[in-house]
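Below: one structure, written as structure tokens.
The values are calculated or read from the model by the stated rules, or taken from the named source; none is laboratory data. None of these values were measured; they are calculated from a predicted model. Cβ coordinates were reconstructed from backbone atoms using ideal geometry, including for glycine residues, and neighbour counts include every protein chain displayed.
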Amino acid sequence: MFVNTTMKMPSLESDVHGGEIASDKASSTIPRDVTFWILFSINLSLMMLSFTLNLFLTIVLIQITLRDLCSN
């Protein structure tokens, strides 16, 4: 049995009929580009935090290693 897995996404463009959006369902949902930018900014913030933490820990590890090597 063949099942159609393609799904038509609702259009976010408005048909101009007196300035109203044709579909109430499309107007009540968050636009996909807003969701994309929210997720993108969260992802970018987490990557920056991870990079900063790794850089800090690397510097601390180098300092401790040099301190141990120089003390002997």
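For the reader, a short list of remarks on this structure follows.
- Pairs linking a residue in segment 19-47 that is among the polar types (S, T, N, Q) to a residue that is at pLDDT below 90, with Cβ atoms under 8 Å and 6 or more positions apart or on different chains, are Ser23/Pro10; Ser23/Ser11; Ser27/Ser14; Ser27/Ile21; Thr29/Pro10.
- Qualifying residue in segment 7-28 (condition: modelled with pLDDT of 55 or more, in contact with a Leu (Cβ under 6 Å, 6 or more places away or on another chain) and not in a loop (DSSP other than H, G, I, E, B)): yes
- Residue check for Ser71: modelled with pLDDT of 95 or more, among the polar types (S, T, N, Q) and either loosely packed, with under 10 Cβ neighbours inside 10 Å or out of contact with any Gly (no Cβ under 9 Å at 6 or more places or on another chain) (or both): no
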